[in-house]
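Worksheet: one structure, shown below.
The values are calculated or read from the model by the stated rules, or taken from the named source; none is laboratory data. As the structure is a prediction and not an experimental result, all values here were calculated from the model. Virtual Cβ from ideal backbone geometry, glycine too; neighbours counted across all protein chains shown.
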Amino acid sequence: MNVLILKHEITLLLLALGVMLADLWLPPERKRGLGYLASAGVGAILICSLLTSVPESPFAFRQMYVLDGMALFFKRFFLVATILVLLMAVEFSDRIQAGISEYYSLILFASAGMMFAASANDFALLFVALELITVTFYVLVSFQRGRATSLEAGVKYLIIGALSSAFMVFGIAFIFGTSGSFNFGDIAAKLASPEAGLVNNKLFLFGLLFLLVGLGFKIAAVPFQIWAPDVYQGAPTPTTAFLAVGSKAAGMVLLMRVLFVAVPEVTAQWWKLLVVISALTILYGNLCALPQTNIKRLLGYSSISHAGYLLLGIAAATTAGQSAVLYYLSGYLFTVLAAFVVIVLVLRDTGAEEISSLAGLHQRSPLLAAAMTISMVSLAGIPPLAGFFGKLLLIKSALVVGAEHQSFYWLVGIAVVGVVISLAYYLGVVRAIYWGGEAAEKSAVTLSLPATLTVAACLVGILFIGIYPNPLMKAAEAAVLSFK
Amino acid sequence: MENAQAYLFYVFAALAVICAIMVVANPFSRSPVTSAMFLVLTMGCLAGLFTLLHAFFLAAVQILVYAGAVMVLFLFVIMLLDLKEEQRRQVKSLSLVAGLVSVGAILAIFVRSLIATKPGEGALANVEGSTSKLGKLLFTQYLLPFEIVSVLLLVAMVGVVLLSKKDLK
């Protein structure tokens, strides 16, 4: 067995431990800079992962861990997200009273959990990786313990997260009890052989349903979305950003692996369930986002609606749908992180998180105003930005399936209605920036060089993915092939 | 012998369900301490079920860790907090209805799928419960999750220290 196959995760964990140890010897005023070191380290791991190709025998630990194209794609995704979130955390560090080094290292630990999730080929590893992510986020969410809202968010996330974990473990127990295995490959083989009769075993399906509850909680799909707005609003902003991108993507990759690798036969039967959940999620997220005045809460609801769009591609259950999900997630990564970086930078002084406090931003900092505008426009799905192509690919994949199942046309209709509704609140943010009246705070926003680079990186990402979609589309298609 | 096992299973299972109901919906007392005590009984019944499955190590851990350590912690917290208000709190009828409906729905799905399944259908997992077998499994088959759990515990420890430290420095 080749342990080196886990080199990315192991180095990431070592980096996290190193950051935690470095805290012992660093004088307090220099601890803030540790974030730069951590993100540089993650950058090195990212370069290493870019140089890695899929090994000949992708499995390790008795087929529990797999490093296929899909896993590699998501590992790079999580590493990019971690770098940007760490840089964001450095800018945020003045609002964290104590333990900034622990904040950095917890982000790294959560990222390691996501990397394991990307490679999970076994229900035991799936559960442990998800718990590592979730437990880390309990702490990250309630990190500003001086603020009541942060603690409230932490408690809510803890209670609902523990409940959904309980559901998931219950489901996994049934899956193990009926199929006799944790391994995705073994379960798929049992499902495929008709004499085992697993496809019609209702207890197996019951277990699978409960597993979906747990994953639905991670991606904040209806009806497990209830925590998202409160937690997004209360958590420290870098945590919210990581929750929106990393945690959701970890849920998506596990969902895809379970549905398309472990139980493809059941997925073929359950498309109706996925269609209904997708439609409800899109509608709920978009309609509830309309009256929001708090920008983080708005993004919380918007993230629910994006989970709905992503489920649309999963419900289609085709390779086109799957690669569209990967493309959409990549676009979403840069777009949402751009929005959160701007929130961190602009709302530093005021402390308020109302949309109206963005007023006059174009006078205070044209770069940040442009970044926020582009991010909102991309989230809404206006060409030629990343969000547009993602939605286009998802809808196209659903339309192809629509020839077979009529209800996909309805789902596409609902998705389009959702996009139209979302235009109202996304453009509302843009209006608040440019036409929101006089700024209460006139001084220009001071940007450090790393902060400018972070914003620029997000912007380049959004524009590049939108204008040259081909490289990413090729990468996504190649990654999806590993499911064949 | 087989019969005795079956009877014991039913006794433990029924007791576990009854005690679990008493934890959340005790008609005689609203005291959190009573709930906690019933939780101990539930854990004890679960340990009995584990024993019947020849999972002796799990049964012992269930008693030592859950019924012992975790519950003592629970009781400490209950006694340190003033929970008089909790006892007076009225359950809102809307949340009661919502809770009953969702529990009923889950129960309905569960019972229906249980009825639809023939007993013994599906592969029975080959489970070994003795301590040495479990140890071997943890360090061979499940080595990776086992190691990740150690990271998880580290994270939990760091989190607890950070969130409960007295002075924020």
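Take the conditions more than 15 Å from the chain's Cα centre (by Cα) and either within 17 Å of A:Lys156 (Cβ to Cβ) or in a helix (DSSP H, G or I) (or both) and apply them to A:Val261. Does it pass?
yes
Okay, residues lined up against (1) crowded, with 16+ Cβ neighbours inside 10 Å; (2) not hydroxyl-bearing (Ser, Thr, Tyr):
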residue: B:Ala6; (1), (2): no, yes
residue: B:Ile21; (1), (2): no, yes
residue: B:Gly48; (1), (2): yes, yes
residue: B:Thr51; (1), (2): yes, no
residue: B:Ile63; (1), (2): yes, yes
residue: B:Tyr66; (1), (2): yes, no
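From A:Ala120, A:Ala153, grab the single residue that is over 16 Å from the mean Cα position of the chain (by Cα), more than 15 Å from A:Thr237 (Cα to Cα) and more than 9 Å from chain B (Cβ to nearest Cβ).
Only one candidate passes the filter, namely A:Ala120.
Give the number of residues within the range A:156-175 that are surrounded by 22 or more Cβ atoms within 10 Å (Cβ to Cβ) and either away from every other protein chain (no Cβ under 12 Å) or touching a Ser or Thr at 6+ places or on another chain (Cβ under 8 Å) (or both).
Within the range A:156-175, residues that are surrounded by 22 or more Cβ atoms within 10 Å (Cβ to Cβ) and either away from every other protein chain (no Cβ under 12 Å) or touching a Ser or Thr at 6+ places or on another chain (Cβ under 8 Å) (or both) number 3.
Being over 15 Å from A:Thr319 (Cα atoms) and surrounded by fewer than 24 Cβ atoms within 10 Å (Cβ to Cβ) is the filter here, so list the residues in the range A:259-270 that pass it.
Initially, the range A:259-270 is screened for residues over 15 Å from A:Thr319 (Cα atoms), giving A:262-263, A:265-266, A:269-270.
Hits for the range A:259-270 are A:Glu265, A:Val266, A:Gln269, A:Trp270.
Provide a single number: the residues in the range A:6-28 that are in contact (Cβ under 8 Å) with a residue 24 or more places away in the chain and in a loop (DSSP other than H, G, I, E, B).
1
Mind counting the residues in the range A:356-376 that are hydrophobic (A, V, I, L, M, F, W, C) and surrounded by fewer than 21 Cβ atoms within 10 Å (Cβ to Cβ)?
Going through the range A:356-376, the residues hydrophobic (A, V, I, L, M, F, W, C) turn out to be A:358-359, A:361, A:367-372, A:374, A:376.
Subset that is surrounded by fewer than 21 Cβ atoms within 10 Å (Cβ to Cβ): A:367, A:370.
Adding up the residues that qualify gives 2.
State which residue pairs qualify: first residue away from chain B (no Cβ under 14 Å) and inside the range A:38-61, second residue loosely packed, with under 13 Cβ neighbours inside 10 Å and assigned to a helix (DSSP H, G or I) in any location, beta carbons under 6 Å apart, and separation of 6 or more residues or different chains.
Hits for this filter: zero, empty list.
What is the residue count in the range A:190-226 for residues that are over 26 Å from A:Lys248 (Cα atoms) and assigned to a loop (DSSP other than H, G, I, E, B)?
Looking only at the range A:190-226, we keep the residues that are over 26 Å from A:Lys248 (Cα atoms), and these are A:190-203.
Okay, now just the ones that are also assigned to a loop (DSSP other than H, G, I, E, B), so A:193, A:197-201.
Adding up the residues that qualify gives 6.
Being under 30 Å from B:Leu138 (Cα atoms), in contact with a helix residue (DSSP H, G or I) (Cβ under 6 Å, 6 or more places away or on another chain), in a helix (DSSP H, G or I) and aliphatic (A, V, I, L, M) is the filter here; which residues of the range A:59-106 pass it?
Of everything in the range A:59-106, those that are under 30 Å from B:Leu138 (Cα atoms), in contact with a helix residue (DSSP H, G or I) (Cβ under 6 Å, 6 or more places away or on another chain), in a helix (DSSP H, G or I) and aliphatic (A, V, I, L, M) turn out to be A:Met70, A:Ala71, A:Leu79, A:Leu106.
Return the residues of the range A:190-218 that are over 26 Å from A:Leu280 (Cβ atoms) and either within 9 Å of chain B (Cβ to nearest Cβ) or crowded, with 23+ Cβ neighbours inside 10 Å (or both); say none if nothing qualifies. If you could, list the steps in order and put the result at the bottom.
Here is the first cut: in the range A:190-218, the residues over 26 Å from A:Leu280 (Cβ atoms) are A:190-201, A:203.
Correct list: A:Lys190, A:Ala196, A:Gly197, A:Leu198, A:Asn200, A:Asn201, A:Leu203.
From the list A:Ala221, A:Ala235, exactly one residue is of a type in the set (Gly, Ala, Ser), surrounded by 24 or more Cβ atoms within 10 Å (Cβ to Cβ) and within 23 Å of A:Leu79 (Cβ to Cβ). Which is it?
Going through A:Ala221, A:Ala235 in turn, just one is of a type in the set (Gly, Ala, Ser), surrounded by 24 or more Cβ atoms within 10 Å (Cβ to Cβ) and within 23 Å of A:Leu79 (Cβ to Cβ): A:Ala235.
Please give the number of the condition A:Thr178 fails out of (1) at the interface with another protein chain (Cβ under 10 Å from one of its Cβ atoms); (2) surrounded by fewer than 17 Cβ atoms within 10 Å (Cβ to Cβ); (3) part of a helix (DSSP H, G or I); (4) not hydrophobic (A, V, I, L, M, F, W, C).
(2)
State the number of residues belonging to the range A:212-231 that are free of Cβ contacts under 8 Å to residues at least 60 places away in the same chain and more than 16 Å from the chain's Cα centre (by Cα).
So the count comes out to 3.
Condition first: surrounded by fewer than 21 Cβ atoms within 10 Å (Cβ to Cβ), aliphatic (A, V, I, L, M), closer than 23 Å to A:Lys296 by Cα and facing another protein chain (nearest Cβ under 9 Å). Can you find one or more residues in the range A:136-145 that meet it?
No, the range A:136-145 contains no residue that is surrounded by fewer than 21 Cβ atoms within 10 Å (Cβ to Cβ), aliphatic (A, V, I, L, M), closer than 23 Å to A:Lys296 by Cα and facing another protein chain (nearest Cβ under 9 Å).
Quick check, is A:Leu125 within 10 Å of chain B (Cβ to nearest Cβ) and either farther than 14 Å from B:Gly159 by Cα or out of contact with any Lys or Arg (no Cβ under 9 Å at 6 or more places or on another chain) (or both)? Let's see the steps before the verdict.
Working: within 10 Å of chain B (Cβ to nearest Cβ): yes; either farther than 14 Å from B:Gly159 by Cα or out of contact with any Lys or Arg (no Cβ under 9 Å at 6 or more places or on another chain) (or both): yes.
So A:Leu125 fits the description; yes.
Cβ-Cβ distance below 9 Å, separation of 6 or more or different chains: which pairs start in the range A:429-454 with a residue that is among the β-branched types (Val, Ile, Thr) and end on one that is surrounded by 14 or more Cβ atoms within 10 Å (Cβ to Cβ) and in a loop (DSSP other than H, G, I, E, B)?
Once the first residue is among the β-branched types (Val, Ile, Thr) and sits in the range A:429-454, its partners that are surrounded by 14 or more Cβ atoms within 10 Å (Cβ to Cβ) and in a loop (DSSP other than H, G, I, E, B) give A:Ile433/A:Ala359; A:Ile433/A:Gly360; A:Val445/A:Arg348; A:Val445/A:Ser365; A:Thr446/A:Ser365.
Looking at (1) surrounded by fewer than 18 Cβ atoms within 10 Å (Cβ to Cβ); (2) within 13 Å of chain B (Cβ to nearest Cβ); (3) of a type outside the set (Ser, Thr, Tyr), which one does A:Glu9 not meet, given that it meets all the others?
Looking at each condition in turn, A:Glu9 falls short on (1).
Out of the range B:1-39, which residues are under 20 Å from B:Val91 (Cβ atoms) and not hydrophobic (A, V, I, L, M, F, W, C)?
Listed by number, the residues that qualify are B:Asn26, B:Pro27, B:Ser29, B:Arg30, B:Ser31, B:Pro32, B:Thr34, B:Ser35.
Looking at the range A:88-105 only, could you name the residues that are within 10 Å of chain B (Cβ to nearest Cβ) and farther than 15 Å from A:Met20 by Cα?
A:Ile96, A:Gln97
Looking at A:Leu280, A:Leu243, which is the one that is assigned to a helix (DSSP H, G or I), surrounded by 24 or more Cβ atoms within 10 Å (Cβ to Cβ) and out of contact with any strand residue (DSSP E or B) (no Cβ under 9 Å at 6 or more places or on another chain)?
Values: A:Leu280 fails: surrounded by 24 or more Cβ atoms within 10 Å (Cβ to Cβ).
Just a single option satisfies the conditions, and that option is A:Leu243.
Residue under question is B:Ala36, and the condition is that it be without any contact (Cβ under 8 Å) to a residue 24 or more places away in the chain and of a type in the set (Gly, Ala, Ser); does it hold?
Spelling it out, it is not the case that B:Ala36 is without any contact (Cβ under 8 Å) to a residue 24 or more places away in the chain and of a type in the set (Gly, Ala, Ser).
Looking at (1) closer than 26 Å to A:Ala112 by Cα; (2) in a helix (DSSP H, G or I); (3) modelled with pLDDT under 95, can you tell me which one B:Leu107 breaks?
(1)
If A:His405 passes every condition in (1) closer than 16 Å to A:Ile314 by Cα; (2) part of a helix (DSSP H, G or I) but one, which one does it miss?
(2)
In the list B:Phe50, B:Phe74, B:Phe56, which residue meets the criterion of being more than 13 Å from the chain's Cα centre (by Cα), touching a residue at least 12 places away in the same chain (Cβ under 8 Å) and under 26 Å from B:Gly135 (Cβ atoms)? Spell out the reasoning first.
Details: B:Phe50 fails: more than 13 Å from the chain's Cα centre (by Cα); B:Phe74 fails: under 26 Å from B:Gly135 (Cβ atoms).
Being more than 13 Å from the chain's Cα centre (by Cα), touching a residue at least 12 places away in the same chain (Cβ under 8 Å) and under 26 Å from B:Gly135 (Cβ atoms) holds for just one of B:Phe50, B:Phe74, B:Phe56, which is B:Phe56.
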